[in-house]
Amino acid sequence: QIFVVGSFVVACSVKVARLPRAGESLDAQDFVSEPGGKGFNLALAAHRLGASIEGVFAIGDDPFAAVAVSAFEGAGLATDMLVTRSGSTGAGVGFVDQAGENCLAVNLGANRLLGAGDVDRARIARADFVMATFESPDAPIAEAFAQARSRGIRTLLNPSPSRPIDPRILADTAILVVNRVEAADLGLDVADAGTAQALLRAGPAIVVVTLGEEGAVVFQRDETACRQAAFPVAVIDTIGAGDAFSAGFAVGLLEGRPVGEALVRAAACGAITACRFGAFDAFPTKAELDRFCDA
Ligand code: ADP
């Protein structure tokens, strides 16, 4: 069972011929909205891979709260993971032009109001893995990770969107998964193993840096770095690829696979997600992942 310190965001975007200028109103060609948020994506991706999911997600008391409930129901995730706060449900608004160029702003809303008190000790105690992203505040992550570590339960942190990592959270992180941007913000240079060893001394036993179409690099204490190539695929969009990767890695380890094998499955999850539109419908099932890896 995986416990997710979650986040939920409704991502809305319009397709336009070109990005608008300040003060301008444009005619859009299409409107799409998709339930997401990094925490929701992690939970959904891991659920598709067969993991049983527990967690806590804060939503608001606006009309998008109902979108959250139907997204959880539609995904087969239990709605008792939702807690309600007064205010806005997380939502983002974006523009995508014909060339695929985009701009997006996300209001995390209720996600910012998740507190340490929302983390249920009994639920953490039942988990084999606890995962979090930086769409959640430090307090509930620190609480969940401290409880997990005191019980010997593994933790995975994806510090995205990037902000400095509280040293207590880092100390309680078993697996840190970062992309290029987050790695740079942490002073982690994939070409300089010393920078990874410094991070490994501050807490995590495993640090993974994902490099998009260039794959990923894994660092472990006192071991040489190990590279995982990306699977060559016809990319549609890479939305959710990082979330699929983290979920694939965690589920692989939960299944008792060695790090190298979990990494191959993580990269396969990222690749499958990148060759499908959006995130919600893009995350592979366990059967799809098995077929992809056997091919
Ligand atoms: P994020 O979305 O968090 O920035 P990345 O872009 O690094 O993360 O992607 C995460 C993982 O997904 C990569 O390590 C890779 O395995 C896979 N992936 C991402 N983009 C591609 C791509 N264009 N082709 C194949 N695999 C990809």
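The values are calculated or read from the model by the stated rules, or taken from the named source; none is laboratory data. Keep in mind that what you see is a predicted model, and the values were worked out from it rather than measured. Positions of Cβ are generated from backbone atoms using ideal geometry, with glycine treated the same way; all protein chains shown enter the neighbour counts.
Considering only residues that are farther than 21 Å from A45 by Cβ and in contact with a strand residue (DSSP E or B) (Cβ under 9 Å, 6 or more places away or on another chain), look in the stretch 218-228 and name the one that is nearest to the ligand (Cβ to nearest atom).
Selected residue: R227.
Which members of the stretch 180-194 meet the condition of being of a type outside the set (D, E), surrounded by 15 or more Cβ atoms within 10 Å (Cβ to Cβ) and at pLDDT 95 or above?
Across the stretch 180-194, the qualifying residues are A183, L186, L188.
Which condition breaks for V208 when tested against (1) modelled with pLDDT under 95; (2) within 16 Å of the ligand (Cβ to nearest atom)?
(1)
Any idea which residue in the stretch 233-258 is farthest from A271 (Cα to Cα), counting only those that are surrounded by fewer than 18 Cβ atoms within 10 Å (Cβ to Cβ) and more than 7 Å from the ligand (Cβ to nearest atom)?
The residue in question is G256.
Please list, ordered by residue number, the helices (runs of 4 or more DSSP H) wholly in the stretch 211-295 having 2 or more residues that are under 16 Å from K38 (Cα atoms) and small (G, A, S).
Output list reads 241-254, 259-274.
Before we move on, is A139 in contact with a Leu (Cβ under 9 Å, 6 or more places away or on another chain), surrounded by fewer than 20 Cβ atoms within 10 Å (Cβ to Cβ), modelled with pLDDT of 95 or more and of a type in the set (A, V, I, L, M)?
yes
Could you please find all residues in the stretch 74-106 being β-branched (V, I, T) and in contact with a strand residue (DSSP E or B) (Cβ under 7 Å, 6 or more places away or on another chain)?
V83, T84, T89, V93, V96, V106
Give me the residue from the stretch 164-183 that is of a type in the set (A, V, I, L, M, F, W, C) and within 18 Å of T210 (Cβ to Cβ) and, out of that set, farthest from the ligand (Cβ to nearest atom).
Applying the filter and picking the extreme gives A174.
Can you find even one residue in the stretch 8-18 that is touching a residue at least 60 places away in the same chain (Cβ under 8 Å), part of a loop (DSSP other than H, G, I, E, B), closer than 16 Å to R123 by Cβ and of a type in the set (G, A, S)?
Checked against the condition, which is being touching a residue at least 60 places away in the same chain (Cβ under 8 Å), part of a loop (DSSP other than H, G, I, E, B), closer than 16 Å to R123 by Cβ and of a type in the set (G, A, S), the stretch 8-18 yields no hits at all.
Quick check on E288: is it of a type in the set (D, E), away from the ligand (no atom under 14 Å from the Cβ) and under 21 Å from T155 (Cβ atoms)?
Against the criterion (of a type in the set (D, E), away from the ligand (no atom under 14 Å from the Cβ) and under 21 Å from T155 (Cβ atoms)), E288 does not qualify.
Which members of the stretch 194-222 meet the condition of being among the charged types (D, E, K, R) and under 30 Å from A295 (Cα atoms)?
Across the stretch 194-222, the qualifying residues are E213, E214.
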